[in-house]
């Protein structure tokens, strides 16, 4: 079974990645889709206590389970036929969590969307897709919507 990590974030680009992943799984009989949503760590989730900083996850387990159920329902609604798939929600640094999940699952491939940040945004925020490509333990398919390709 070829495990394919599909990184999703709820954006329009993410919906395109989902459609592509479902199409891919329909073509490849041995593909298992592992959808991953990472709740990003924000500066608001770090508390300073005494001389140290304590990370407070942005979501508790109950909220994560609720989100997993919602995503699972949405994905299954998009599928004409049942696919081998699962949904995982984690919190942390997005690119690190995607790469770590791929390592843990011994992934064949990672599918991720590219939103096309402006040069300044990319300079300050970095591109999650770029970081995943640079650190992934497997092949990475970067989905880029047609409208972003045409801007160049």
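Laboratory data are not the source of any read-out in this text; all were calculated from the coordinates shown. Only a predicted model underlies this, so the values are computations on that prediction, with no experimental measurement involved. Note: ideal-geometry Cβ built from the backbone for every residue, glycine included; neighbour counts use all protein chains shown.
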Packing-based order for 33-41, 133-141, using average beta carbon neighbours within 10 Å, highest first
33-41, 133-141
Please give the contour-minus-distance gain from residue 96 to residue 2: 0.36 nm per residue of separation, less the Cα-Cα distance, rounded to one decimal in nm.
31.7 nm
